[in-house]
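Taken together, the values in this text are just the output of simple stated rules run on the coordinates, not laboratory data. Please read these numbers as outputs of a predicted model, since none were measured by experiment. Cβ sites come from the backbone with ideal geometry, for glycine too, and all protein chains shown count toward neighbours.
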Amino acid sequence: PPAKNDKSFICPWGRCMGSDCGPGGSQSRAVWCAHVDGWTTLHTNCHQAQRPSNQRNCFRVCDWHKDLYDWQLGAWNECVPVSARTFGAARQFMCSGGEEGIQIREVGCTLKADGSPAEDAICEYFEPKPRLEQACLIPCPQDCVVTEYSPWTSCSKTCGTGLRNRVRSVLVPPLFGGAGCPNLTEFQSCKLGACVGPEGLYSLRVGPWTPCVLPQTRTARQAKRRKGKGQGLRERGGVKDPETRELIQKKRSRNRLNRQESPFWDIQVGYQTREVACIHRNGSRVGLLCLHLCIPRELPLTIQSCVLPKDCQVTEWTDWSACSKACADPESPRGNRTRRRQALQVSVGEGVECPVLEETESCEPPGGSVPPCASYTWRTTEWSDCRVDVLLSQQDRRRTNMTGLCGGGLQTREVFCVQANADKFWVPTAAAFLCKISSRPVENQLCTGPIPNRSQLCQIPCPIDCEVSPWGAWGPCIFENCNDQTGKKGKKINFKGSALCEIDFFLALYCVIMLFPHQKQTWRELVDRNLCSSLAVLEPVSCEVPCARDCVLSDWTPWSTCSQTCSSKTVEGKQMRTRSILAYNAGEGGSLCPNSSALQEVQNCNEHACIVYHWQTGPWGPCTEDPSTAPLNTSAGTRPAADAQGLCSMGVQTRKVMCVRVNVGQVPPKKCPEAPRPSTMRPCQLPCKKDCIVTPFSDWTECSVSCDSGTQNKFVKRKQSRRRLVIQMPSNGGQDCPLVLEEEKDCEVPKVCPGFRYKWKTHKWRKCQLVPWVLRKETPGAQETCGPGLQTRAVSCRQLDGTQADISECLKSAKAMPAITQRCQLPCQDDCQLTNWSKFSSCTADCVGVRTRKRALIGRSKKKDKCKNTQMYPLSETQYCPCDKYNAQPVGKWSDCILPEGGRADGTAAMKVQGDVKECGQGYRYQAMVCYGQDNRLVETSRCNSHGYIEEACIIPCPSDCKLSEWSNWSRCSKSCGSGVKVRSKWLREKPYNGGRPCPKLDHINQVYEVVPCQSDCSQYVWVAEPWSVWKVSNVDLKENCGEGVQTRKVRYLCMLNTVDGPSEAVEDYLCDPEEMPLGARESRLPCPEDCVLNDWGAWSRCSMVSKPSAEHRVRTAYALRYPGVGRQCPELSDRELCSLNLNCFNYFYNITDWSTCQLSPNAVCGSGIKTRMLDCVRSDGKSVDIKFCEELSLEKNWQMNVSCTVECPVNCQLSEWSVWSECSQTCGLEGKMQRQRSVVQASQGDGRPCPSQMEQWKPCPVRPCYRWQYSPWSECRVESVVCGHGTRYRNLSCFVSDGSGDGESSMVDEELCSSLKLAVNGDKKIILKEACTLPCPGECYLMEWSDWSSCVNICVKGAGVDFGSVQVRSRAVLAQEPENLQLCPDQAWESQPCTGGECFEYKWFSSSRPNSSRPVVWCQRSDGLNVTGGSASTFIHILSKSKLASRCPLQAGMCMCEEGFTEVLSPAGQLDQCAPIPVLEIPTAGDKKGDVKTSRAINPTLPTTIQPGRTGRTWYLQPYGPGQSITYLLITYFWMKYFN
């Protein structure tokens, strides 16, 4: 049997395999038997019956299944608290912000075609399964929040027992299961005193008017008259029956109106009735027989004329218009289309208003071959010329010659918007390249995407000056013509070495050749050695060898350098050579030594005259056309193809060449030699001509037609403009640009002002129409045909030119339609009739006298005594003349300082470079002026003869850049041999201010330095010494004149600057090498006669380069000038010494310096420069020596000595132009502002001037009075002369003026000032000036009017970032007058609506002790300081009442209340005072004196407007109040509280 500890193990199913896609696949898995400890065993050890299957059918998914299957996502279920899903977890009792929850949904794989379920594995093949759960937040219950109670009302009765009421309104409705609203009304019994006589128990109540109906038809009335035995038949003498007379008159009026007016105005006048009843205070009606209980008083009208309501009738919709999007646009593929309908009948009376006569819906362009929509892109003009001056600081601009600037600069271009695919809409021009680059500019707002750069850095190549070596020494004077050597005139040449220059640097001077017959030396010219024979042999030269007793002289020294570079009458050039006596002769027999003068020779040199004639050349002129090639260089369009540099043909350049005498000026050309005369003409490459290219003119800007306020057809003149841009400037003689780049013209003035194209025209009022006689015959005055009636009129729609227009046009665009009905009064015989008031008489002057208006009695009224009573019927009115005195005063703050505007500003097309335009200086700031009338009403500023502003000069300080001194001169090179540095500096003169350019980094003494490497020639400074003197023998053998002696020479202990012409000027001694300073004396032995005489020692041989001590020696040699006599010998002819490193033997190596700073051309500010470094030859002892020591060793040098570099350009901040001034932020009022902006086009770079902080400017708008239509408050409900019932309340629509501020008072003004406004109040075009109302009868319990909408409250959790929206609410409280009628009271009501904005409030409990009481006063306060009831807080408050019963404030409910069986007793201020037990008694009936206090539940309790979960009903409680045990009625809500365990 299988082991008990063995069981089968299985792997996950493998991949579904199969040859076909779909359900025919199969998948397998591995199954094996394993011990519980994990090791594998035989299959027989496991139960075979329990072995899992290792293969099953499956659905093989292929890629094309992705289009067939998809995840089906169900809706998220209700959010369930986490605690409810966790077993045993206690749910939190207190809610803080919200409770964490989880909500789930169903997710399954479905077939898209029919939604049938499929295996999840199919959808998981393409996409992971979406999540099934997500976290959610359950909002805390929000309890109803109400205000404090209002003050008590007056007693409902003047005598007897009545009620006083106080009410409160709802601030926040109950939300998310919060506690419902408490009672909004509290009652209190009152008794002002006993009634004298019986109380008024009955009231006359008027019912509502019935709907308007037409009277019986004429046929019915005639049939009725026939049954009445001929009553109403016409008598021969005339029409006696009033009804018949009315019918005839109506028929005539109707026929006339049908002929004259439109069928729109077929207004039918009917009648309506109402009921008048007598009501007892307890609400019961009195029968008709008891109407006398409500009389004596005049009964109101029970029948009146009315207009039969007619609904607005419209035609069917027209077909949809074509789609406004007639092109394909991927970003906005849809357009709009409209359809319209006409009005057939306007609404009359209480009929339904006309619906929308035009509607719009989105649409797509029809068809597949829709052309693409216009797309727009940015285009640019060509870059302007590179300018360096815009990079200069203020200081550099004043002191720099602008013509020679080079290096880094700035170039700009204009950016404009064009239609990118214009070629698909426009026919291309002949010149394809022009069509491509010169598209028509459009408004820049049409282009989106990044704007191309309007500026960029550029480079102007700096001219490289020719660098030459110093002048070489003058050569020998040679014959001017080698073939003619008979003359004495020759020339000698001076060369300058140069590798950079195009001209030959040599100077030829004429000289005089002096031929001496005895001079054997001749001048030779070095020529090509190939011209000489290769067999040339050096010829021996004869010489004399001194004998043993002869005088021995040294060789001549080389000729010294010439003392002058040229000769004149007073100055000659001299050069000298010397020799010295090495040994004296031995008395007689030997050749004598010459005297001292013979030891020195002097000869003339540089004998050429100092006055020199030479050619001088001017600069090359511009490259001009060569007449032979001029036809080839043509303008754009037919020009030949240019090369890569834009060069088209060959031209010529010329220059001026003249002969100049040094220090004199120009002389005749014959003074200068002809041979080296420079050329005056050379060929050059001529650049191509470039014509000016401009874009086509843009379209004319739109004309925004606006009408002046107050007048409907007075236009404000506007202008429109168009422009074109230069995208290529002319050059090289191309065609110039046109002068006109912008055009402007006046806008065409339309005949009709927009918005005022149509107007209503009113027709005459029809005759006053009474209720039909048959209905009013029982009323007083029925026989007279007088009394209240109704009259109608027609209105029509007209264009401003008076022509008829469809009424639909006026309904859409004209002002509100005038009234078509009005009440009228036909006077009876006893009524007084007067004319209308006349206009007021004119005033002779303002504020002086009075003005009057009059009216008069007409007809029989003139003879009636009661009509002559001027108290009741005044015939004149007098008022003081208006006092039009106006007072102007400033208002608001001063504006920014604004510079005078110069030209039109285009906010996206132009660029300002700071410093290049005027951005500072004197401007003006503005303050608005306001004009008030004598009654302190705001009027137009023109009344005060003001243009609306006070302006005051102001200064925008100009930025001042950092100012430094000029560069000092370069110091000398710090080393006289090899590489050193030279320094120059600037010092700070003035710091920057007002946003000027910053200073470079300064040192502690406010200086900035520039250090560059320099190279000094080691042989440029030499010590100068005179020749050695004759020997002075110290141990003298007077006979032989020989022996030990000393030889001296004078040394100029001044270091001299060495030139090719010899030492020229003394310099500081430190510049010469102290090691090489010549000796002033030397000691030696003067050879005696017969002694060997040697010449001076030769130079030491060179030691080899050594790096360690060795036995190598160096040697110097000499040779015998006079051989010794017999028996004597010459000394050693060679001398040797040991080579010692750094003493007489040196190694040499190259040393490379650090890179210098980036060096620019002297005329450059920034841009490309060069960094250099120097190469030194350094001796092994560290001393810098002449570079030749290293060059002789052929040391390797592979360093790069120069590299290019870049100095960052100081680019000033570049700003756009100021935009045009915005529209005024307010159309009227005191606080209107206009703004304009500018933007940073290019941020500053390097040491450029930074951007200013002010990127916006504002100025006040002219103050205009704010006129608006405003309702007056509703009047009290009027029920004519009756006490109560259904009546009407009225309000007026008046024109008010204010200053636009929220807290400013409004004043009523003449309605003409609002004539330009649409008839609307707060955006509501539906004007309602009267509405039905109900005046409660005495003793009736009723609902108050709706309270105002509460302020918007945001339902949120402070600090948690949770927002559940905003809400506002209004409510209706109950008012009661009789204690007995409380059961008949309606339910209080509230309603809420969502709103935007609102503040998030918090609620907290507050308490304070009360004087002479142990009980605290407790109240709830909102975070804005408003005392409320309800809300939520964070703790429980326990209060002990007199009966030691605790009341508690359950904060989750959010309302402080008493426990069951107790009721709240509030203080007069509406705060919780105590919890008192509730006495439950029966209501006393009439005459029952058993008790004063009763409790009753409302019959059929109902919920408020919004369902409040958890509230089960409402209970009325009556309880004792006050020490006198008078009856107090408290309206309190009792409901179950549900707590969470």
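Remark on Val1067: its backbone amide H falls under 5 Å from those of Cys1055, Met1056, Leu1057, a criterion applied only to residues 5 or more positions apart or on other chains, H modelled at 1.01 Å from N.
Using the average count of surrounding beta-carbon atoms within 10 Å as a protection proxy, the listed peptides 169-175, 562-568 rank, highest first, as 169-175, 562-568. Here's the picture: charge each Lys and Arg Cβ at +1 and each Asp and Glu Cβ at -1 in the stretch 114-205, and of Leu163, Phe126, Gln142 the one pushed furthest to the positive end of that dipole is Leu163. The 3J(HN,Hα) values that the Karplus relation (6.51, -1.76, 1.60; θ = phi - 60°) gives for the stretch 1001-1013 are, in residue order, 5, 9, 8, 5, 10, 6, 10, 10, 10, 10, 10, 10, x Hz. Gly and Pro appear as x.
Using a Debye calculation, one point per C-alpha and no hydration shell, please list log10 I(q)/I(0) for the stretch 30-175 at q = 0.12, 0.13, 0.14, 0.20 Å⁻¹ in order. Relative scattering, expressed as log10 I(q)/I(0), comes to -0.90, -0.94, -0.96, -1.13.
Computed over the alpha carbons of the stretch 1089-1155, Rg followed by Dmax gives 18.5, 69 Å. What the Cα convex hull of the stretch 91-217 gives, in volume per residue, is 333 Å³.
About its Cα centre, the stretch 1260-1414 has a charge dipole of approximately 320 debye under the convention of +1 per Lys or Arg Cβ and -1 per Asp or Glu Cβ, with nothing else charged. Karplus-based coupling profile of the stretch 726-733, in residue order and whole Hz: 8, 9, 8, 7, x, 7, 6, x, with θ = phi - 60° in 6.51 cos²θ - 1.76 cosθ + 1.60 and x standing for Gly or Pro.
May I ask for the distance between the Cα centers of the stretch 781-853 and the stretch 1180-1212, given as a whole number of Å? For the stretch 781-853 versus the stretch 1180-1212, the Cα centre distance is 106 Å.
Local charge for Phe187 was computed over the other residues whose Cβ lies under 10 Å away, with Lys and Arg +1 and Asp and Glu -1, and equals +1.
Under a 5 Å amide H cut-off, with hydrogens placed 1.01 Å from N, Gly573 pairs with Cys605 among residues at least 5 apart or on other chains.
Overall, the stretch 1326-1406 carries a charge dipole of about 320 debye about its Cα centre when +1 sits on the Cβ of Lys and Arg and -1 on the Cβ of Asp and Glu, all other atoms neutral.
What does the charge count around Gly408 come to, taking other residues whose C-beta lies under 15 Å from its C-beta (Lys +1, Arg +1, Asp -1, Glu -1)? All intermediate terms of the calculation are to be shown ahead of the outcome.
Values: positive: Arg387; negative: Asp385, Asp389, Asp396, Glu1208, Asp1247.
Its environment carries a net charge of -4.
Are there any GluC sites (Glu not before Pro) in the stretch 1299-1341 that are in a DSSP loop and have at most 16 other Cβ atoms within 10 Å? List them by number.
Values: sites: Glu1305, Glu1311, Glu1312, Glu1331, Glu1340; in loops: Glu1305, Glu1340.
Here the GluC sites (Glu not before Pro) that fit, given the DSSP loop and packing criteria, are Glu1305.
Its Cα centre serving as origin, the stretch 970-1024 has a Cβ charge dipole (Lys and Arg +1, Asp and Glu -1) of approximately 180 debye.
Show me the ranking of peptides 1096-1103, 579-586 by mean Cβ neighbours inside 10 Å, starting with the highest. Mind dumping the intermediate values first?
Working: 1096-1103: 13.2, 579-586: 20.5.
Ranking the peptides 1096-1103, 579-586 by packing returns 579-586, 1096-1103.
Kirkwood hydrodynamic radius of the stretch 777-833 from all distinct Cα pairs, in Å? When all Cα pairs of the stretch 777-833 are included, the Kirkwood radius is 14.5 Å. Packing, as the average of other Cβ atoms within 10 Å across residues, places the peptides 1145-1151, 821-827 in the order 1145-1151, 821-827, highest first.
Summarised as an ellipsoid, the stretch 354-417 has semi-axes of 58, 18, 6 Å, derived from the eigenvalues of the Cα gyration tensor scaled by 5 and square-rooted, with the largest first. The H on the amide N of Cys648, modeled in the peptide plane, is under 5 Å from the matching H of Leu686, Cys688, each at least 5 residues off or on a different chain. Seen from every direction in turn and averaged, the convex hull around the alpha carbons of the stretch 1147-1254 projects onto 11.8 nm².
Backbone geometry of the stretch 877-888 corresponds, through the Karplus equation with coefficients 6.51, -1.76 and 1.60 at θ = phi - 60°, to 3J(HN,Hα) couplings of 9, 10, 9, 5, 4, x, 9, 8, 9, 10, 10, 9 Hz, x marking Gly and Pro.
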